[in-house]
Amino acid sequence: MEKTLFKPIGLAIFSIMLLMLSCSNAGDQKDEKKSIPEKPTNEEIIKKGQQLVTIMGCNDCHSPKKMGPMGPEIIGDLMLSGFPYNRRIVKFDNKLIKEGFPMFYPDLTAAAGPWGVSFAANLTPDETGIGGWTEEQFNKALTKGKLKGLDSNRTLLPPMPWINFENLSNDEVHAIFTYLKSIKPVKNIVPPAISPDKM
């Protein structure tokens, strides 16, 4: 009688242990699936790029503005298109510049200082902007300060704060580049920088 009672109890204990083991393994598998990050969609990458462009202040200099009731407002059709090609280039001849102080156009798309006069670049995906750039070029321009992202070119001029962006991750640069490639292209040939002796 003891033998027959032991067999069902032993089977019941074995079944319970087997069930507990399979439940714990199922939980582990769910945790493994949760720990693998999902690849972001293109829409999510663009949204992240837009957020970075906003918090990094790219519009401050690269977007032409007009005066509105609350101060300067971005001209929507010209967003991130740089210094407008048809704008008059003023002559900077100021004692303060000679002493090292910078001066800005009212909408900040151009600046003058001891380096000469620099103009904010066109960041839209038009051919006159970054339309023909590779992501590698964009990365070099943004994080290494190379004009047009080419090793042989000079360093970007002030006020471009590329030194602040040296530690951007490749994913962040990719998001910014993807966002910029998604915005409206604006045909705008930005003038070349003016050296101090020609100001």
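Values in this text are rule-based calculations from the coordinates and carry no lab data. Please read these numbers as outputs of a predicted model, since none were measured by experiment. For neighbour counting, all protein chains shown are included, and Cβ atoms are generated from backbone atoms with ideal geometry for every residue, glycine included.
Just a few scattered comments:
- Linear extension gain, K198 paired with Q51, 0.36 nm per residue minus alpha-carbon span: 49.1 nm
- Cleavage-rule hits (GluC sites (Glu not before Pro)) in region 103-136: DSSP loop, at most 15 neighbouring Cβ within 10 angstrom: E127
- Exceeding the 23 Å Cα-Cα cut-off - candidates K65/K187; K144/K181; K95/K140; K65/K144; K48/K187; K95/K146: K95/K140; K65/K144; K48/K187; K95/K146
- The trypsin sites (Lys or Arg not before Pro) of region 75-147 that DSSP puts in a loop, and whose beta carbon has at most 12 other beta carbons within 10 Å, are R88, K91.
- Local charge for L147 was computed over the other residues whose Cβ lies under 12 Å away, with Lys and Arg +1 and Asp and Glu -1, and equals +4.
- DSSP-loop chymotrypsin sites (Phe, Trp or Tyr not before Pro) across region 35-108, with at most 14 other Cβ within 10 angstrom: Y85
- Taken as Cα centroids, region 182-199 and region 102-142 sit 6 Å apart, rounded to the nearest whole angstrom.
- Take the Cα of S152, step 7 Å toward its Cβ, do the same at E166, and the gap between the two points is 2.6 nm.
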